[in-house]
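A.B. asks: Once you've had a glance at the structure underneath, I'll fire off some questions.
The values are calculated or read from the model by the stated rules, or taken from the named source; none is laboratory data. What you see is a predicted model; the values in this text were computed from it and never measured. We place every Cβ from the backbone using ideal geometry, glycine too, and count neighbours over all the protein chains shown. We work out accessible area using only protein heavy atoms, side chains counted, and drop any ligands, DNA or RNA first. Shrake-Rupley method; radii C 1.70, N 1.55, O 1.52, S 1.80 Å.
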Amino acid sequence: MAPREVRLLLVDDDPSAIQVMARMLSQYPDQRFATSGQAALRLARELTPDLIVLDVDMPGMTGLDVCEALKADPVLADVPVIFATSNDPTAVMQETAFRKGASDFVTKPLIAVQLTARVRAHLRIKLLIEDLKRNSLASGATRPLLGTQTPRLLIVDDDIPSIYVLRNTLAGMGDFHFAKNGDDALELARRLLPDLILLDAHMPGIDGFDVCRTLKAEAAFRHVPIAFVTRFSDPQSEMRALDIGAADFIAKPYTRAVLQARVRNLLELKRRTDAELASVREHLQRVGDARVADIVAAASDAIVTCNADDKVVLINAAACRMFGIEREQAIGSPMQALLGEGALIDNPAQNAPARITIKRTGGECFPTEMSVSRVGDGPDRLTTVMLRDTSDRDRLEAESRSRNEAETASRTKTLMLSYIAHEMGNPLNGMLGFAQLMAADDKHPMPAVQAKRLTQIQASGKHLEVLMRDVMDLGRLETGKLTVELRPVDAARCAQDAAEAVSALAQRAGVTLSCPLGTAPVRCAADVGRLHQCLLNLLTNAIKYNRPGGWAKIAVTSDSHAITIAVSDNGIGMDALQRQHLFEPFNRLGRQLASTPGAGLGLVITRLLVEAMNGQLRVESEFGQGSCFTISLPGALDAAQDTLNRSAVVDLRATSAATRGAEDKP
């Protein structure tokens, strides 16, 4: 409870004493005052206070009479009352006051730190009990009777005679346990969980203040009252003890009756607290029991319970859906018949999850994971089976395995082809070298027929050389070892160079090749060699898969963010199925038997190279009408400066796995 929310009632027949108390308790500004017992009762009943400081000796209705009337009122019974008396209260007076319901005593002349510490301690206890009551009443729980078990008291003191005196003084009030130092006190308290701890303040090692602070920081001791019983009776020690969580501070020497009265008061406080805690726990248990059925019914897993006769006594909605059966049909039916012969629920070892196949009433089979639990024995035994349909999980796992196997096989195949292509390079270079020497030998000219055959050998060798280069490029792409150098590149100049490189091929195929370009440079961020390779692949396809009299075109456009290079033609084009498989390696889309040379790798390499240069490759095609392949690259001014003018090894393994594709158009 925050200080400003606390409401105090200060009662004394001496107005000057009320003024003194009001100043000492000024941190609680909501104060009401009464100078007689009747006025105090009237004010308390008008507006319930949180705590009452009450003079004992008043004319007419005494403080003891007021306290007795307060405790008889159900609304005011739990309000703590601290008596203030002008003289040291006698043992009889204190015993009577505690019996009538007093919470504490302070002696005039009042000491500010002592009074405020006592008030804070009792407000803290009151707040604790009110919180428990609120939880209990809000839950509708009934309050159980106070416990009747014998209280457990822990006495902690390094002076053995003092322990014996305390034990004899409190004989018959509970079971006693003892500790002579702070370490033993903490260990014994945690093991014993006492109802009350009587604690000396000053001990060697861990003193009483540290013991109290340590225990109050633990949840198990939040509701256990701790009382200091010590010869150090100065106000500062008392305030220190009460502020760290102590419920009382009793100075030595004490009288037998006073000590007994205070201990009875603290044990009564503990019983009340335990009663409220038990009430809250009882309600929570009832709520949990009442909601179990709702929890089971709403569970996403199938839950079925059978009795000792194997008859189904509980089945939730998920299980009804799983088995394709109505609840009314399932209740009372044999559990084993419902689960099938593969479910060995009677096997005592069947506790770990097991995989079984379930068959629905319609005959459909599906895999499940089953776990079994049992409660009770003999005729009272209940067996509960929890089932989870693993069809989706199994499918995803199978797909993942297949994908991993396919990727592994593809990488292995690519590495093997790269190795073969590399090893074939040396003899191929020798063949092409000798062919060139034979063609250039003017001293020993070949007949025309032989010269023509030599030209075919050279063309085939060049084709094989291009194929091996593509295979090795694909291997480097898939193993993440391809090097790209991103620099500012004139895309228009690169497009023009590519067009000139394939102009002879276009002329032989009877295809008109155009390259409508402006005079101003159009700069993009790219690797000039790799971009040239991509454009050659696209232009070669536009010519190879065209028809005599057809056309092919390469055009470069730009906007504020990207440079676009489009290669279009009016050739044979592709249908929807061919477009779907366009980027699969070595897939020539049904054109394997055609006379047009190709391996089905060019387009997959082109796309991976474009993506390595932070670009995109798009395709549009209609069967019989032609195709358009578009490369989009970032402009040189938009490219990050730290990626320009430097060479980087780009890891494309993830990209190549995701875009595993083919190459040439068919």
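A.B. asks: Would the stretch 380-391 turn up any residue that is in contact (Cβ under 8 Å) with a residue 60 or more places away in the chain and under 30 Å from Glu584 (Cα atoms)?
C.D. replies: Scanning the stretch 380-391, I find no residue that is in contact (Cβ under 8 Å) with a residue 60 or more places away in the chain and under 30 Å from Glu584 (Cα atoms), so the answer is no.
A.B. asks: So, in the stretch 334-374, how many residues would count as being at pLDDT 75 or above and in a loop (DSSP other than H, G, I, E, B)?
C.D. replies: 2
A.B. asks: To continue, here is another question. Residues in the stretch 217-245 that are over 16 Å from Leu193 (Cα atoms) and either touching a Gly at 6+ places or on another chain (Cβ under 6 Å) or not basic (Lys, Arg) (or both): how many? Reasoning before the result, please.
C.D. replies: Filtering the stretch 217-245 down to residues over 16 Å from Leu193 (Cα atoms) leaves 228-245.
If we keep only those that are either touching a Gly at 6+ places or on another chain (Cβ under 6 Å) or not basic (Lys, Arg) (or both) as well, we get 228-230, 232-239, 241-245.
Qualifying residue count, the stretch 217-245: 16.
A.B. asks: If you check every pair at least six apart or on different chains, which have Cβ atoms under 7 Å apart with a residue in the stretch 13-29 that is free of Cβ contacts under 8 Å to residues at least 24 places away in the same chain and under 13 Å from Ala84 (Cβ atoms) first and a residue that is buried (at least 16 other Cβ atoms within 10 Å of the Cβ) and of a type in the set (Phe, Trp, Tyr) second?
C.D. replies: Cβ pairs passing all conditions: Ile18/Phe33.
A.B. asks: Where in the stretch 488-592 are there helices (runs of 4 or more DSSP H), lying fully within it, with 3 or more residues that are within 56 Å of the chain's Cα centre (by Cα)?
C.D. replies: Correct list: 491-501, 528-544, 576-580.
A.B. asks: Now for a separate question. Residues being touching a Leu at 6+ places or on another chain (Cβ under 7 Å) and polar (S, T, N, Q): count how many of those fall in the stretch 33-49.
C.D. replies: 1
A.B. asks: How many residues does the stretch 61-90 hold that are in a loop (DSSP other than H, G, I, E, B), out of contact with any helix residue (DSSP H, G or I) (no Cβ under 6 Å at 6 or more places or on another chain) and either among the hydrophobic types (A, V, I, L, M, F, W, C) or open to solvent by 40 Å² or more (accessible area, probe 1.4 Å) (or both)?
C.D. replies: Selection size over the stretch 61-90: 9.
A.B. asks: Now for a different question. Restricting attention to helices (runs of 4 or more DSSP H) lying wholly within the stretch 208-326, give those where 3 or more residues are surrounded by fewer than 17 Cβ atoms within 10 Å (Cβ to Cβ) and free of Cβ contacts under 8 Å to residues at least 12 places away in the same chain.
C.D. replies: The helices (runs of 4 or more DSSP H) meeting that bar are 256-298.
A.B. asks: Test Phe176 against the criterion of being part of a strand (DSSP E or B) and within 19 Å of Lys126 (Cα to Cα), and give yes or no.
C.D. replies: no
A.B. asks: Could you list all residues from the stretch 414-446 that are open to solvent by less than 80 Å² (accessible area, probe 1.4 Å) and either charged (D, E, K, R) or at pLDDT below 70 (or both)?
C.D. replies: Scanning the stretch 414-446 gives Thr414, Leu417, Ser418, Ile420, Ala421, Met424, Gly425, Asp441.
A.B. asks: For the stretch 92-107, give me each residue that is over 21 Å from Pro49 (Cα atoms) and either buried (at least 16 other Cβ atoms within 10 Å of the Cβ) or among the hydroxyl-bearing types (Ser, Thr, Tyr) (or both).
C.D. replies: Matches in the stretch 92-107: Met93, Gln94, Glu95, Thr96, Thr107.
A.B. asks: A further question on this structure: Taking the stretch 1-16 as the region of interest, how many residues are hydrophobic (A, V, I, L, M, F, W, C) and open to solvent by 20 Å² or more (accessible area, probe 1.4 Å)? Give the steps one after another, and end with the answer.
C.D. replies: Filtering the stretch 1-16 down to residues hydrophobic (A, V, I, L, M, F, W, C) leaves 1-2, 6, 8-11.
In the following step, the residues that additionally are open to solvent by 20 Å² or more (accessible area, probe 1.4 Å) were identified as 1-2.
Selection size over the stretch 1-16: 2.
A.B. asks: So which residues in the stretch 172-196 are among the small types (Gly, Ala, Ser) and either touching a Gly at 6+ places or on another chain (Cβ under 7 Å) or open to solvent by 60 Å² or more (accessible area, probe 1.4 Å) (or both), if there are any at all? Walk me through how you get there before you give the answer.
C.D. replies: Initially, the stretch 172-196 is screened for residues among the small types (Gly, Ala, Ser), giving 172, 174, 179, 182, 185, 189.
Selection gives Gly172, Gly182.
A.B. asks: Under the condition of being acidic (Asp, Glu) and in a loop (DSSP other than H, G, I, E, B), which residue from the stretch 30-60 is surrounded by the fewest Cβ atoms within 10 Å (Cβ to Cβ)?
C.D. replies: Only one residue fits best here, namely Asp57.
A.B. asks: Any chance you could count how many residues in the stretch 447-462 are loosely packed, with under 14 Cβ neighbours inside 10 Å, closer than 18 Å to Gly430 by Cβ and of a type in the set (A, V, I, L, M)?
C.D. replies: 1
A.B. asks: Something else now. So Ser400 passes all but one of these: (1) modelled with pLDDT of 80 or more; (2) small (Gly, Ala, Ser); (3) surrounded by 13 or more Cβ atoms within 10 Å (Cβ to Cβ); (4) outside any strand (DSSP E or B). Which condition number does it fail?
C.D. replies: Among (1) modelled with pLDDT of 80 or more; (2) small (Gly, Ala, Ser); (3) surrounded by 13 or more Cβ atoms within 10 Å (Cβ to Cβ); (4) outside any strand (DSSP E or B), the lone unmet condition for Ser400 is (3).
A.B. asks: I need the full set of residues from the stretch 18-29 which are hydrophobic (A, V, I, L, M, F, W, C) and surrounded by fewer than 20 Cβ atoms within 10 Å (Cβ to Cβ), in order please. Give the steps one after another, and end with the answer.
C.D. replies: Kept after step one, since they are hydrophobic (A, V, I, L, M, F, W, C), are these residues of the stretch 18-29: 18, 20-22, 24-25.
Listed by number, the residues that qualify are Ile18, Val20, Ala22, Met24.
A.B. asks: Check whether at least one residue in the stretch 654-666 is crowded, with 19+ Cβ neighbours inside 10 Å, within 22 Å of Thr540 (Cα to Cα), modelled with pLDDT under 60 and of a type in the set (A, V, I, L, M, F, W, C), and report yes or no.
C.D. replies: Yes, that holds for at least one residue.
A.B. asks: Another question about this same structure. Taking the stretch 375-397 on its own, how many of its residues are over 15 Å from Ser300 (Cβ atoms) and not in a strand (DSSP E or B)?
C.D. replies: Summing the residues that are over 15 Å from Ser300 (Cβ atoms) and not in a strand (DSSP E or B) in the stretch 375-397 gives 10.
A.B. asks: In the stretch 605-646, what count of residues is obtained for those that are closer than 19 Å to Val556 by Cβ, modelled with pLDDT under 75 and not small (Gly, Ala, Ser)?
C.D. replies: Adding up the residues that qualify gives 2.
A.B. asks: Considering only residues that are out of contact with any Asp or Glu (no Cβ under 9 Å at 6 or more places or on another chain) and hydrophobic (A, V, I, L, M, F, W, C), look in the stretch 591-604 and name the one that is modelled with the lowest pLDDT.
C.D. replies: Once the filter is applied, the top-ranked residue is Leu593.
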